[in-house]
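Student: Dropping a structure here in structure tokens format, bear with me for questions.
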Number of protein chains: 2
Amino acid sequence: MTRTPGKGAKLKPQVRVLLDEEIALGPGKADLLEAIAHTGSISAAGKKLGMSYRRTWLLVDTMNRCFKQPLVETSTGGSRGGGARLTPLGSEVLTEYRTLQAEVAAASQAGFLRLKKHLRAKPLEAQ
Amino acid sequence: MTRTPGKGAKLKPQVRVLLDEEIALGPGKADLLEAIAHTGSISAAGKKLGMSYRRTWLLVDTMNRCFKQPLVETSTGGSRGGGARLTPLGSEVLTEYRTLQAEVAAASQAGFLRLKKHLRAKPLEAQ
């Protein structure tokens, strides 16, 4: 058994961009954009992330309604199996969000180390 | 009607410190520490934040089990109405977490501005 402070500690920074009441972009939507870019399909991307088609489509719709131009475009006749891809703006926004995540992760390292030294190696058992 | 890009946009950065499977500290727990410091009572702090006593107590217990020393101590005979306060470590951890939040907020500003210029002033209506 180790006594290293904060041995099992991890920092989980999360950045959401809100537009009025909507979440325009966050970790889940960014992962979805990435999955659409990789799979070329909204349904395949949703499946990859373990989401229902309805939920997947709602996330895409929210992003498309929040940005000046759609981030995702579907090919004509786009039924469930239809193709989808990121627009140029979609690719740009995804890159910018990943950069933002990296900047936040870097900026939080020092503070995390300060907190970590006060943590146990692992939590005490709940009673 | 304005066309200012991202007029209604806000960034919501959130930092959680995990220890194994537990959330040792996050925005809700930090607010709870602050409320306990202000009210001098776990139940009053929970009420202030709209949480059940049970949930409030569980959050306190999780923090106390994750850190090397408890962050919150209750006065002897501590029934529901009993007094509570932050330990010196509790105050220190709260301050460090607020600093971390501020650092993350500062570090995310530039990236937020990059994203914001791609946003509408407000979302299109869902169809």
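The values are calculated or read from the model by the stated rules, or taken from the named source; none is laboratory data. Everything numeric here is computed off the predicted structure, so don't read it as measured data. FYI the Cβ positions are ideal-geometry reconstructions off the backbone, even for glycines, and counts take in every protein chain you see.
Student: Looking at A:Gln109, A:Gln101 in this structure, which one is closer than 20 Å to A:Gln14 by Cβ, surrounded by 15 or more Cβ atoms within 10 Å (Cβ to Cβ) and polar (S, T, N, Q)?
Tutor: Numbers: A:Gln109 fails: surrounded by 15 or more Cβ atoms within 10 Å (Cβ to Cβ).
Of the residues listed, the single one that is closer than 20 Å to A:Gln14 by Cβ, surrounded by 15 or more Cβ atoms within 10 Å (Cβ to Cβ) and polar (S, T, N, Q) is A:Gln101.
Student: Go through the residues of the range A:14-27 one by one and say whether even a single one is of a type in the set (Asp, Glu), in contact with a Cys (Cβ under 8 Å, 6 or more places away or on another chain) and modelled with pLDDT of 95 or more. Let's see the steps before the verdict.
Tutor: To start, the set of residues in the range A:14-27 that are of a type in the set (Asp, Glu) comprises A:20-22.
From the residues that got through so far, the ones that are in contact with a Cys (Cβ under 8 Å, 6 or more places away or on another chain) too are A:22.
Among the residues that remain, those that are also modelled with pLDDT of 95 or more are: A:22.
The answer is yes, given that some residue of the range A:14-27 is of a type in the set (Asp, Glu), in contact with a Cys (Cβ under 8 Å, 6 or more places away or on another chain) and modelled with pLDDT of 95 or more.
Student: Condition first: within 14 Å of chain B (Cβ to nearest Cβ), touching a His at 6+ places or on another chain (Cβ under 7 Å) and either loosely packed, with under 14 Cβ neighbours inside 10 Å or farther than 30 Å from A:Lys122 by Cβ (or both). Can you find one or more residues in the range A:48-65 that meet it?
Tutor: no
Student: Select from the range B:1-13 the residues that are buried (at least 17 other Cβ atoms within 10 Å of the Cβ) and in a loop (DSSP other than H, G, I, E, B) and write down the one among them that is farthest from the chain's Cα centre (by Cα).
Tutor: We begin by selecting, within the range B:1-13, every residue buried (at least 17 other Cβ atoms within 10 Å of the Cβ); these are B:6, B:8-9, B:11, B:13.
Still in the list and also in a loop (DSSP other than H, G, I, E, B): B:6, B:8.
Details: B:Gly6: 26, B:Gly8: 23 Å.
This residue is B:Gly6.
Student: With respect to B:Ser108, is the statement that it is hydroxyl-bearing (Ser, Thr, Tyr) and closer than 30 Å to A:Leu19 by Cβ true?
Tutor: In short, yes.
Student: Could you pull out every one of the helices (runs of 4 or more DSSP H) wholly within the range A:25-127 that has 3 or more residues that are within 30 Å of B:Asn64 (Cα to Cα), out of contact with any Leu (no Cβ under 7 Å at 6 or more places or on another chain) and among the small types (Gly, Ala, Ser)?
Tutor: Working: elements: A:27-39, A:42-48, A:53-66, A:88-116.
Answer list for the range A:25-127: A:88-116.
Student: Consider the range B:14-40. How many of its residues are surrounded by fewer than 22 Cβ atoms within 10 Å (Cβ to Cβ) and not hydroxyl-bearing (Ser, Thr, Tyr)? Steps first, please.
Tutor: Residues of the range B:14-40 surrounded by fewer than 22 Cβ atoms within 10 Å (Cβ to Cβ): B:14, B:16, B:18, B:20-23, B:26-28, B:30-31, B:34-35, B:37-40.
In the following step, the residues that additionally are not hydroxyl-bearing (Ser, Thr, Tyr) were identified as B:14, B:16, B:18, B:20-23, B:26-28, B:30-31, B:34-35, B:37-38, B:40.
Counting residues in the range B:14-40 that are surrounded by fewer than 22 Cβ atoms within 10 Å (Cβ to Cβ) and not hydroxyl-bearing (Ser, Thr, Tyr) gives 17.
Student: Residues of the range A:107-124 being aliphatic (A, V, I, L, M) and more than 7 Å from chain B (Cβ to nearest Cβ), which ones?
Tutor: Of the range A:107-124, the ones aliphatic (A, V, I, L, M) are A:107, A:110, A:113, A:115, A:119, A:121, A:124.
Listed by number, the residues that qualify are A:Ala110, A:Leu113, A:Ala121.
Student: While we're looking at this one, here's another question. If I ask for residues that are more than 7 Å from chain B (Cβ to nearest Cβ), under 30 Å from A:His118 (Cβ atoms) and basic (Lys, Arg), which ones from the range A:7-36 would you list?
Tutor: Hit for the range A:7-36 is A:Lys7, nothing else.
Student: Consider the range A:6-25. How many of its residues are among the polar types (S, T, N, Q) and touching a residue at least 24 places away in the same chain (Cβ under 8 Å)?
Tutor: Step one: list which residues in the range A:6-25 are among the polar types (S, T, N, Q), which gives A:14.
Add one more test, that the residue is touching a residue at least 24 places away in the same chain (Cβ under 8 Å), and what stays is none.
Within the range A:6-25, residues that are among the polar types (S, T, N, Q) and touching a residue at least 24 places away in the same chain (Cβ under 8 Å) number 0.
Student: Shifting gears a bit: Read through the list (1) closer than 19 Å to B:Lys12 by Cβ; (2) surrounded by 13 or more Cβ atoms within 10 Å (Cβ to Cβ); (3) out of contact with any Cys (no Cβ under 7 Å at 6 or more places or on another chain); (4) aliphatic (A, V, I, L, M), then give the number of the only condition that B:Val93 fails.
Tutor: Checking B:Val93 against (1) closer than 19 Å to B:Lys12 by Cβ; (2) surrounded by 13 or more Cβ atoms within 10 Å (Cβ to Cβ); (3) out of contact with any Cys (no Cβ under 7 Å at 6 or more places or on another chain); (4) aliphatic (A, V, I, L, M), the one that fails is (1).
Student: Assess whether B:Leu71 counts as being touching a residue at least 60 places away in the same chain (Cβ under 8 Å) and out of contact with any Cys (no Cβ under 9 Å at 6 or more places or on another chain).
Tutor: Details: touching a residue at least 60 places away in the same chain (Cβ under 8 Å): no; out of contact with any Cys (no Cβ under 9 Å at 6 or more places or on another chain): yes.
So B:Leu71 does not fit the description; no.
Student: Can you give me the number of residues within the range B:66-102 that are within 7 Å of chain A (Cβ to nearest Cβ) and either closer than 24 Å to B:Asp20 by Cβ or modelled with pLDDT under 95 (or both)?
Tutor: Keep residues of the range B:66-102 that are within 7 Å of chain A (Cβ to nearest Cβ), which gives B:66-68, B:89, B:93, B:96-97, B:99-100.
Now narrow it down to the ones that are either closer than 24 Å to B:Asp20 by Cβ or modelled with pLDDT under 95 (or both): B:66-68, B:89, B:93, B:96-97, B:100.
Number satisfying all stated conditions: 8.
Student: Restricting attention to the range A:28-68, which residues are free of Cβ contacts under 8 Å to residues at least 12 places away in the same chain and on the phi > 0 side of the Ramachandran plot?
Tutor: Residue satisfying the conditions is A:Gly50 alone.
Student: Now for a separate question. Tally time: how many residues in the range B:45-71 are aliphatic (A, V, I, L, M) and touching a Gly at 6+ places or on another chain (Cβ under 6 Å)? Spell out how you get there, then give the answer.
Tutor: From the range B:45-71, those aliphatic (A, V, I, L, M) are B:45, B:49, B:51, B:58-60, B:63, B:71; that's our starting set.
Those still in the list that are touching a Gly at 6+ places or on another chain (Cβ under 6 Å) too: B:71.
Residues flagged as aliphatic (A, V, I, L, M) and touching a Gly at 6+ places or on another chain (Cβ under 6 Å) within the range B:45-71 amount to 1.
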